[in-house]
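Asker: Okay, here's the structure, questions in a sec.
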Amino acid sequence: MLFAFAFLIVSVFIPAVLADPTVVRVTIDPAKPLPLSTITFTAILTSNETLDEVWLLVQECRVDLCFAYGFNKSMEQITNDTYQAQCTLMQEEATQIKYQLKIACNETWFTSNTTFVPLAVETKNNTSEAPHNQVSTPGFEIPLFVSSFILILVFNNWREKIR
């Protein structure tokens, strides 16, 4: 009786465990992406059951925080067990991305582990030149220009009154 009960329990739970999809490998191209670049994700998945949907969730991050929005891309099945999707990064300040897969199988959603990928830093070939995209603090030159223009007008007006 105990043996029959144990066999029943094992036979009920083993198919559920075998049906879970497994992420074999995820590759990204380019392997060291730059901020603002387009990345191709290729995922190889195994499952005893047919996968209903595979979604890629990508979020851009800095060292201290992740940006509020992310990408939710449906992955296209390119072979029996290979899925692919692309996304174009949008944050110039991003230093890394994090991604995970959401897989629907038999009306159940499975989530892969979150993976962090550091972004490459673009190197400058000639450091003696000023950077083309150097960020300056706008707004200080306008008040100085207006103040100097008003002082010149007042000074010229004062000089004419003295004559």
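Asker: Are there any pairs, at least 6 apart or on different chains, whose C-beta atoms fall under 8 Å, with the first in the stretch 134-162 and among the polar types (S, T, N, Q) and the second at pLDDT 75 or above and outside any loop (DSSP other than H, G, I, E, B), and if so, which?
Answerer: Qualifying pairs under 8 Å: none.
Asker: Let me ask something else. Report, by residue number, each residue of the stretch 81-110 that is assigned to a strand (DSSP E or B), more than 9 Å from the chain's Cα centre (by Cα) and touching a residue at least 12 places away in the same chain (Cβ under 8 Å).
Answerer: Passing the criteria: Thr82, Tyr83, Gln84, Ala85, Gln86, Gln100, Leu101, Lys102, Ile103, Ala104, Cys105, Phe110.
Asker: Now for a separate question. Scan the stretch 38-50 residue by residue and report those that are surrounded by fewer than 19 Cβ atoms within 10 Å (Cβ to Cβ) and part of a strand (DSSP E or B).
Answerer: Answer for the stretch 38-50, where residues must be surrounded by fewer than 19 Cβ atoms within 10 Å (Cβ to Cβ) and part of a strand (DSSP E or B): Thr38, Thr40, Thr42, Ile44, Thr46.
Asker: Mind listing just one residue for me: the one in the stretch 111-120 that is outside any strand (DSSP E or B) and of a type in the set (A, V, I, L, M) and, of those, farthest from Val24 (Cα to Cα)?
Answerer: Out of the qualifying residues, it is Ala120.
Asker: Looking only at the stretch 51-66, decide whether some residue is without any contact (Cβ under 8 Å) to a residue 24 or more places away in the chain and under 21 Å from Pro33 (Cβ atoms).
Answerer: yes
Asker: Test Glu93 against the criterion of being modelled with pLDDT of 90 or more and either crowded, with 17+ Cβ neighbours inside 10 Å or touching a Lys or Arg at 6+ places or on another chain (Cβ under 9 Å) (or both), and give yes or no.
Answerer: So Glu93 passes the test.
Asker: Scan the stretch 125-140 and tell me whether some residue there is outside any loop (DSSP other than H, G, I, E, B) and either at pLDDT below 75 or farther than 30 Å from Ile28 by Cα (or both).
Answerer: no
The values are calculated or read from the model by the stated rules, or taken from the named source; none is laboratory data. Keep in mind the model is a prediction, meaning the values are calculated, not measured. Methodologically, a virtual Cβ is constructed for each residue, glycine included, from the backbone with ideal geometry; neighbour enumeration extends over all protein chains shown.
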